[in-house]
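First up is the structure itself, then whatever we jot down about it.
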Amino acid sequence: MVVEEKAKNQIVLIQHQCEKAGFSISQLSRKDYNYEFTANSGKEKIKVQVYFGKKGIKTILQGDLNSNLYKTINNLILDEPKLNLSDFSLKEPGKYIGSDECGKGDFFGPLVVAAVFVNEETKKLLAKIGVRDSKDLSDYMITPLAKEIKKIVGKNFGIVRINPHKYNELYKQFNNLNKLLNWAHSKAIDNLLDNTACKYVITDKFSKKELDVVSLSKHSDVEFIQETKAEKYIGVAAASILARDSFVDWFESHSRKGLVLPKGSSIETEKFAKKLLQKIGEEKLNELGKLHFKTFAKIK
């Protein structure tokens, strides 16, 4: 059975479960990458979406997380995989800041670093809506999840988006991607530490060197942890989603203006960039791509 058929079967099953529970159900609608319907109970409304793609299917609920309708429908989806908080109980601090980045391997687009402060309550809520490593999610799943994350954590997040023009300036200054990443992570984390009484920071490890923010005397009582595959921690996973949401937003804003740019740094990206360079010139390309990439050296 193909993935799309599995997605349809799953959402139809959820529809029947909602109807049995006495909720008003809208007609099933098929979108480009998902099936969806709306469930109503009085003034409460929840949108149920089942996405399908190469990595399988994923169910997302959109609406008030604290409403009885949301909680009931969430409980009805018994076969939907959830993050198991017990996986984190041995190592994950009660409250901490998690940070992650997006865009470092893409020729076009910005480099984005996000930091998110979580505590015991918000960790549970984030796990409940399906927060996990953004690499496991499609672009179409990122935006609604990012909106829910922001609702849950409130002002306790920070995003540093370095658009290509500024990125190219900073890269000339640092002359090293890891140093640039260090600067961006440190900036996002420092801003958030100033606004929270947080004593732990977990960052996805990208270098053997400690973050610059570690050496600041005002954070001498903060424990900084750099770990590979740190997206297993709910706070880092949430940060990865916010970073990617900002990254995707940059591409979509250019798409709305008629310029659809490829992601990544593949041969296809190289061919596209070469044609674009011939059309708009290096000065304009400086506003769209990371010019220290080998991609640019090949197309000059």
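A few notes on this one:
- Of all the listed residues (167, 171), the sole one being in contact with a His (Cβ under 6 Å, 6 or more places away or on another chain) and hydroxyl-bearing (Ser, Thr, Tyr) is 171.
- Members of segment 137-187 that are of a type in the set (D, E, K, R), in a helix (DSSP H, G or I) and closer than 20 Å to residue 104 by Cα: 139, 166, 169, 172, 179, 187
- Filtered by the rule that a residue be assigned to a helix (DSSP H, G or I), modelled with pLDDT of 95 or more and surrounded by 14 or more Cβ atoms within 10 Å (Cβ to Cβ), segment 281-297 gives a lone residue, 285.
- Tallying residues that are of a type in the set (Lys, Arg) and modelled with pLDDT under 85 within segment 9-42 yields 1.
- Long-range neighbours under 9 Å by Cβ, at least six apart or interchain, first residue outside the structural domain of residue 291 (by TED's automatic domain parsing) within segment 266-280, second of a type in the set (D, E, K, R): none
- Residue in segment 246-256 that is more than 30 Å from residue 191 (Cα to Cα), among the polar types (S, T, N, Q) and outside any helix (DSSP H, G or I) present: no
- Test: residue in segment 96-106 that is under 20 Å from the mean Cα position of the chain (by Cα) and modelled with pLDDT under 85: no
The values are calculated or read from the model by the stated rules, or taken from the named source; none is laboratory data. These numbers come from a predicted model, not from an experiment. In this analysis, Cβ positions are derived from the backbone assuming ideal geometry, glycine residues included, and neighbour counts consider all displayed protein chains.
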